[in-house]
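What follows is one structure encoded as C-alpha cells, with my remarks underneath.
Every number here is computed from the coordinates shown, using simple stated rules; none is lab data. For clarity, every value in this text was computed on a predicted model and none was experimentally measured. With ideal geometry, Cβ positions are generated from the backbone for all residues, glycine too; neighbour counts draw on all protein chains shown.
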Amino acid sequence: MGDTDSNGINKIQTMTHPNPTLCEQATIREVGLRDGLQSISRILPTAQKLQWIQGAYDAGQREIEVGSFVPPRLLPQLADTEELVVFAKTLPGLKASVLVPNLRGAKRAIAAQAYSMLLPLSASHAHSLANMRRPPDEVVDDIQTIVKARDAAGSATRIEIGLSTAFGCTLQGKVEPVEVLRLVKAVIDAGVDCVGLADTVGYADPAMVKRLFELCLPVAGDKLNCGHFHDTRGLGLANVYAAMQVGIRRFDACLAGIGGCPHAPGASGNVSTEDLAHMLLSMGIATGIDFGKLMALRAQVAGWLQGENLYGTLWRAGLPKTLQAA
C-alpha cells in the first residue's frame with residue numbers, strides 16, 4: 001500500500017525513472033538482417049534489405065548487423081552482405097557489423113571495411129562441432145589467427161566474440177560456467193576487442209544471467225559488453241534486465257522477434273527489438289529510437305515476411321498512453 005494523507009487517501013507516487021541507478025542509456029543492435037534471416041528459407045531481395053537498413057537508421061538505430069560472410073551455398077539468404085556493408089557505410093554514424101565464421105570471411109570483412117566482425121564461439125562442445133565443425137579450443141586458435149591477420153592488415157575493423165550456448169545447449173544440455181569463463185579469458189588473451197554472452201537456445205533465467213556475467217566481468221572488464229537473449233521460453237526481457245543490473249548496456253535484438261540458430265534445435269525467437277525498446281523507454285532509459293518509425297518498419301518487414309512466424313507484443317497493443325514516443 002502507498003502512503004496515505006490525513007484523510008486516509010492513498011498518495012500515488014510517480015517516478016520519472018523507476019531505476020535511477022541502473023543506467024541512463026542503452027544500445028540495441030538490430031540483428032534481424034543476419035540472425036533473423038538466416039533462420040528463414042525465403043531470400044529477401046537486396047532492395048528490401050537496403051530499405052530495412054535505411055528504416056532502422058531513420059528510426060534511430062546506430063548499430064546493425066547487416067549480414068554474414070559465409071559461403072553463399074550455405075546461406076544464400078545472406079549472399080549480398082558485401083553490398084549491404086557498402087550501403088551501410090554511407091549512413092553517418094552507423095556501425096555495421098557482420099558475422100564471419102573463419103579467416104576467409106574475416107578477410108572479406110576487412111576488405112569491406114566493416115565496423116566490426118562477430119566471430120562465433122560455442123561454449124558447448126556439441127554445438128561447436130555442429131555449428132563450426134571444430135571443438136571450441138580449435139575455434140579459439142582460429143580467432144587468434146584472425147586477430148593477427150587483422151592487425152597485420154592495419155585494419156580498424158573491430159573483432160567481437162559472440163559466446164553462444166553460454167547458458168545451456170539443446171544438443172549437450174548443461175554448460176558449466178567455468179567453461180564459459182575459461183573461453184572468455186582465452187579470447188581476451190587472444191586480443192579481441194569485446195565479448196558478448198548469448199543464450200542461444202533460450203535456457204537462461206535472470207538469476208543465471210546475473211551470476212554468469214558477474215563471474216566473467218572480473219576477467220573481461222568492459223570488454224564484456226553485450227547480451228544476446230532469445231525469448232524461446234518467455235524470459236528474454238527479464239534476462240536483459242538481469243544483465244543490466246550488473247552493468248551491461250548493449251543488447252542484440254531482432255525486429256519482430258525473428259531468428260534462431262540452424263544448429264540449435266528449438267532456438268526460435270530472439271528478443272524483439274520493439275518490445276525491448278519499449279521496456280527501456282518505460283524504465284526511463286534512452287535508446288534514441290523513434291517508435292513511430294520503428295513500428296512502421298516492423299509493419300513493412302512483416303509484409304515482406306508474410307507467412308513466416310513473427311513474434312513480439314508491442315505491435316498488438318501499442319505504446320501505453322502514459323508514455324510518449326522517444
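Annotations for the structure displayed:
- When each of Asp290, Asp275 is scored by the number of other beta-carbon atoms lying within 10 Å, the sequence from fewest to most is Asp290, Asp275.
- Values of log10 I(q)/I(0), in the order q = 0.16, 0.19, 0.23 Å⁻¹, for region 37-128 under a Debye, Cα-only, solvent-free model: -0.65, -0.89, -1.20
- Structure-based [θ]222 nm, the chain - -39500 (n - 2.57) summed over DSSP H runs of at least 4, per residue, nearest 500: -11500 deg cm²/dmol
- Tensor-based shape of region 27-302 (alpha-carbon gyration tensor, a/c under 1.5 rounded, otherwise prolate or oblate): rounded
- Exposure proxy order (Cβ contacts within 10 Å, fewest to most) of Glu308, Glu274: Glu308, Glu274
- Share of pairwise Cα separations in region 87-129, more than 15 Å, in percent: 50 percent
- Mean Cα-pair separation over length for the chain, i.e. relative contact order, pairs under 8 Å, 6 or more apart, %: 19 percent
- Residue order, fewest to most beta carbons within 10 Å, for Arg34, Arg211, Arg73, Arg108: Arg73, Arg211, Arg108, Arg34
- Cα pair distances exceeding 16 angstrom across region 96-176, given as percent: 49 percent
- Note on Ser41 and Gln54: the model spin-label points, each 7 Å out from Cα along the C-beta direction, lie 3.1 nm apart.
- Three-way shape call for region 206-309 based on the alpha-carbon gyration tensor, with the a/c threshold at 1.5: oblate
- Each Lys and Arg adds +1 at its Cβ and each Asp and Glu adds -1 at its Cβ; summed about the Cα centre, the chain shows a dipole of about 440 debye.
- Over region 93-247, volume per residue of the alpha carbon convex hull, in Å³: 108 Å³
- Listed pairs Lys49/Lys321; Lys49/Lys174; Lys49/Lys210; Lys95/Lys185; Lys185/Lys293; Lys95/Lys148 exceeding 29 Å between Cα atoms: Lys49/Lys321; Lys49/Lys174; Lys49/Lys210; Lys185/Lys293
- Gain on full stretching of the segment that runs from Arg133 to Trp304 - 0.36 nm per residue minus C-alpha separation: 58.3 nm
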